[in-house]
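To start, the structure under review is shown below, and the notes come after it.
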Amino acid sequence: MTLGVLAVLAMLFVMFSGFWTDWLWYRSVKFSSVFTTTLWTKIGLFAAFGALMATAVGVNIWLAHRLRPPLSAMSMEQQSLDRYRMGIAPYKKWALLAVTAVVGLIAGASASGQWRTWLQWVNGVPFGQQDPQFGKDVAFYAFDLPWYRFLLSFGFACAVLCLIAAALTHYLYGGLRVTSPGSRATAAATGHLSVVLGIFVSLKAVAYWLDRYGLAVKSSGLKSADGWTGLRYVDANAYLPAKTILFFIAAICAVLFFATLWRRTWQLPVIGFGLMVLSAVLIGGLYPAIVQKFQVQPNEQAKEAPYIKQNIKATRDAYDIDGVDVQSYNGNYKPKDDTDRQKLRDAADTTASVRLLDPNVVSPSFQQRQQVRSYYQFPSTLDVDRYKDKDGKDQDTVIGLRELNLNGVSERNWINDHFKYTHGFGAVAAKGTTFAEGGEPAYTESELPSKGQFGPYEQRVYYGEKTTQYSIVGGPQKELDYSSDKSGEKSYSYTGKSGVNLANPVNRAAYAVAFGEPQILYSGAIGEGSRILYNRTPKERVEAVAPWLTIDGDAYPAVIDGRIKWIVDAYTTSNGYPYASRTTLGDTTADSLTDGQRAVVAQQNQVNYIRNSVKATVDAYDGSVKLYEWDTKDPVLKTWMKSFPGTVEKKSSISKSLMEHMRYPQDLFKVQRQLLTTYHVTDPNTFYTGSERWQVPNDPTNKSGNSVPPYYQSLKMPDQKAQTFALTTTFTPNKRDNLGAFMAVDANATSGDYGKIRVLKLPSQTPVPGPQQVQSKFNSDPKIANELNILKKLGDSEIEYGNLLTVPMNGGLLYVEPVYLRGAGTNYPLLKKVLVSYGENDPVLGNNLAEALDVVFGKKPPGSGTEQPPSDGGDTGQQPPADQTVQQALDDAVKAYEDGEKARKEGDWAGYGEAQKKLKAALDRAAEAEKKSAQKGDAGKNGGTGGG
């Protein structure tokens with residue numbers, strides 16, 4: 001008995017510990033109202049529907065027992081059941097309670113999972129838009145219809161369970177007979193079961209009526225659109241009247257079942273039920289098939305046109321792409337003369353600040369140069385943001401945080417993992433458009449502790465994308481703050497208010513059970529002031545405090561007002577927008593860079609409505625979470641704000657410094673671009689044929705076979721007067737590789753045009769090379785291939801391509817791609833070359849962007865600055881100007897110096913000696929050319945004087 005009691009108490013404490021730790025965590029982040037609202041809603045639904053199901057089943061069992069026939073001369077069938085009746089008799093009440101309790105618990109648990117549906121139904125806010133078929137507000141389909149469908153499914157389950165329970169009870173007590181001669185059912189049993197069947201058929205009538213509205217959100221196939229949703233011709237003209245007719249037939253059939261209370265015969269209800277089943281087959285199945293075959297298919301395009309138009313409008317509204325500005329763009333501009341070429345060259349500098357630092361490639365460089373200690377790490381994909389330069393202008397910046405990596409700790413144990421190594425330290429940032437000498441990133445914030453353009457700020461990173469383990473801080477055990485060569489190892493004790501206090505023994509016991517770590521209960525490293533930190537990734541924290549939001553896959557850090565803030569984009573979604581086609585978030589948001597860390601966190605994967613309604617921040621030091629209202633018109637957000645009042649702050653609460661770092665989210669952009677592959681077309685006939693359909697091209701810079709990711713860059717679209725921070729992508733025509741369109745959205749949150757999507761549509765009659773074709777053009781050019789091969793052979797290095805950026809410019813398209821070299825024996829890339837292509841011009845491989853642009857636009861001849869100057873073998877008659885010769889010699893000197901340094905690091909002293917000879921020769925040529933230039937200038941001056 002003692003062991004049994006202890007086992008029960010242990011089980012109860014395990015259940016309590018999960019509840020208690022959740023409550024403590026929500027209270028620590030000041031979102032306890034989310035926990036209580038969710039909890040009480042679940043409890044209320046559990047209790048209400050559990051009690052309803054238990055009562056319904058229990059009453060039917062009791063009624064069947066009450067209506068049992070008197071025991072008389074029994075048949076053999078009843079005699080065989082007698083021992084069961086005798087066995088149950090002493091425990092009838094307990095058996096009844098047990099059965100009702102089980103079905104009540106199951107029903108209550110199922111109902112509690114519908115807490116989101118309930119809250120949306122109770123707090124639903126109108127959309128102010130009506131569907132074209134029934135004239136009902138969109139809120140009916142988004143908030144009301146899902147709840148009605150749940151009630152209907154619950155009603156069916158309840159009716160079926162009641163029917164089974166009543167039938168079994170009647171059979172057990174003689175009201176129903178199977179093998180005995182005579183009547184198969186008593187009058188009382190017939191009346192009872194017919195009423196239950198009548199309720200079931202009544203529910204079926206309600207289902208037919210709701211199915212009418214369900215046609216507006218039903219997925220059905222249309223070859224020209226994936227995920228098509230809404231009524232088509234056959235739905236409006238066959239299924240809709242069929243559902244209405246079936247509703248009336250089911251209602252009449254239900255009345256016939258209820259009438260058996262007086263008639264005490266199954267004849268009419270059975271006939272009615274058979275008629276309903278036959279009608280469902282003929283009217284609900286065969287008739288629509290005939291309409292589709294003989295009316296729609298012979299002239300489908302004309303028949304479906306009005307419904308396609310409704311689907312286009314609803315889909316563009318639901319995904320917020322109705323205001324997309326589609327412009328025609330030539331894309332094949334050819335310069336006419338040198339003046340034209342000079343204009344193009346000048347435009348290249350003003351149209352875009354080309355971001356050469358690829359955040360998807362250079363993480364190993366950050367890791368190698370700025371990791372400092374093995375227990376730090378940077379994310380595999382860095383983030384792009386904007387910071388002010390010395391002149392106060394926005395500068396595209398690549399940034400990453402130096403987060404904790406326990407795998408780099410030399411001595412792993414419980415104390416080190418959870419008490420000593422608790423946080424990362426500092427941000428590292430580099431200019432996006434320029435590089436330092438040797439191809440290194442041009443750091444604007446670096447070293448440990450970090451210093452640079454950000455000024456003083458709280459550098460400790462307790463909450464980050466890589467921080468998945470729990471830490472216990474602030475107690476007797478000191479933490480490792482950071483360690484550097486200059487200052488040595490520094491200790492620290494956390495002073496923030498985040499986490500849960502472990503001074504309380506109940507809390508310690510609860511966390512020991514919740515985390516399966518008994519040392520939490522008795523460890524001497526835990527004492528007064530100790531706090532446990534967990535749920536430490538930004539996406540995890542936002543998802544927990546706002547379980548009704550879908551979280552963007554890419555949280556990014558920003559240094560704001562002396563703090564590191566994680567900025568997290570969050571979406572409100574719905575699967576009930578009438579006529580709007582559905583999409584699968586997991587598939588639509590995947591690209592060549594998507595991994596588990598960058599995957600969208602979706603509450604529902606299938607959606608047909610999405611808004612970036614909330615911007616959230618998570619403080620990297622104290623873990624505090626802030627939710628800000630972003631889309632002030634979104635009815636779904638308003639509904640959730642009514643459900644969880646006080647959790648979302650007004651948009652006006654966003655500070656100016658925070659607003660400067662907010663941007664258009666990538667996952668929303670990827671969803672919109674996928675929809676625009678089809679829904680850029682607004683003409684129903686063109687939409688039906690699919691002739692103008694686009695596709696998102698695969699990433700040409702790698703062999704993943706996945707979609708090219710969208711890129712952040714500062715550029716100026718043709719209708720804009722100045723550059724703005726934008727998110728861009730390209731399209732190709734369906735099953736073709738030439739460029740179909742270029743898409744950009746204003747991603748600068750401080751801009752008046754924020755969120756405006758511009759699409760440049762390329763002409764189909766004059767094909768323009770797409771990303772895959774441009775990459776192939778780069779790879780197949782003999783000069784480029786030869787130069788890259790030489791680079792690869794130097795130290796057996798590997799070539800790695802950066803992001804292929806597309807820039808619309810002066811009627812043409814400029815492609816720019818950085819080329820990185822990853823030397824053998826090193827694990828980080830260095831920028832060595834830049835590939836550029838414009839229009840039909842030959843592609844160019846330059847040492848830097850300026851040089852490549854000069855060549856591609858004809859300002860410099862091909863090969864200038866990269867080839868050796870002519871030897872002293874005499875005047876060819878076309879000797880380059882002296883200043884150009886000087887530049888060539890200096891370029892060669894830089895190249896020889898880099899080769900020498902590389903050889904020295906690798907211990908190749910023969911190569912080092914050869915490089916030094918080349919360096920001396922190049923410097924001598926530069927000096928000689930400079931001398932000749934000076935002599936020529938003096939001669940010109942003397943000649944001028946003499947002539948005077």
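Within the shell of other residues whose beta carbon sits under 9 angstrom from the beta carbon of His661, the net charge comes to +1, with Lys and Arg scored +1 and Asp and Glu -1. Bridge orientation summary for the chain: considering DSSP beta bridges with both residues in this region, about 95 percent are antiparallel. A DSSP coil position with no more than 14 other Cβ atoms inside 10 Å describes the following trypsin sites (Lys or Arg not before Pro) in the range 191-265: Lys223, Arg264. Which listed residue (Val601, Pro269, Leu521) has the Cα farthest towards the positive end of the charge dipole for the chain, taking +1 on Lys and Arg C-beta and -1 on Asp and Glu C-beta about the Cα centre? The Cα lying farthest towards the positive end belongs to Pro269.
Think of each Lys and Arg Cβ as +1 and each Asp and Glu Cβ as -1; about the Cα centre, that makes the dipole of the chain roughly 4080 debye. Under the rule a/c < 1.5 gives rounded, and otherwise a/b versus b/c splits prolate from oblate, where does the range 536-662 land using the Cα gyration tensor? Judged from the Cα gyration tensor, the range 536-662 comes out oblate (a/c at least 1.5, b/c at or above a/b).
Looking at the range 727-800, the trypsin sites (Lys or Arg not before Pro) that sit in a DSSP loop and have at most 13 other Cβ atoms within 10 Å of their own Cβ are Lys735. Annotation for Ile245 and Ala187: the two label points, set 7 Å from Cα along the Cα-Cβ direction, are 3.9 nm apart.
Compute the signed sum of charges (Lys and Arg +1, Asp and Glu -1) over the other residues within less than 14 Å, Cβ to Cβ, of Asp211.
On the way: positive: Arg149, Lys204, Arg212, Lys218, Lys243; negative: Asp235.
Neighbour charge sum, excluding Asp211 itself: +4.
Loop exposure criterion: GluC sites (Glu not before Pro), DSSP state outside H, G, I, E and B, at most 10 other Cβ atoms within 10 Å. Applied to the chain, the longest stretch between such sites is 529-948. Distance between the modelled labels on Gln720 and Lys388, one decimal in nanometres: 2.1 nm (7 Å Cα→Cβ projection). Using a/c under 1.5 as the rounded threshold, could you call the range 443-595 rounded, prolate or oblate? The axes a ≥ b ≥ c are square roots of the C-alpha gyration tensor eigenvalues, and prolate needs a/b larger than b/c, oblate otherwise. Oblate.
Stretched out fully, how many nm does the piece from Ala785 to Leu278 gain, at 0.36 nm a residue minus the Cα gap? Show your work: numbers first, answer last.
Working: separation 507, 0.36 × 507 = 182.52 nm, distance 7.26 nm.
Value of the extension gain: 175.3 nm.
Remark: spin-label model distance Thr2-Ser776 equals 8.2 nm, labels positioned 7 Å along the Cα→Cβ axis. Looking at the range 395-470, the trypsin sites (Lys or Arg not before Pro) that sit in a DSSP loop and have at most 12 other Cβ atoms within 10 Å of their own Cβ are Arg412. Take the Cβ atoms of Leu97 and Leu210, set R0 to 30 Å, and the FRET efficiency comes out at 0.30.
The distance from the alpha carbon centre of the range 325-380 to that of the range 694-723 is 11 Å, rounded to a whole number. Here the gap between Lys490 and Asp325, fully extended at 0.36 nm per residue and compared with their Cα-Cα distance, gives a gain of 53.8 nm.
I'd like the distance separating the alpha-carbon centroids of the range 251-279 and the range 16-52, in whole Å. First find each Cα centre; the distance between them is then 46 Å. The distance from the alpha carbon centre of the range 431-451 to that of the range 753-784 is 31 Å, rounded to a whole number.
Coordinate-derived values only; no laboratory data. Small disclaimer: the values here were computed from a predicted structure and weren't measured. A quick note on method: Cβ atoms are made from the backbone with ideal geometry, for glycine too, and the neighbour counts reach across all protein chains shown.
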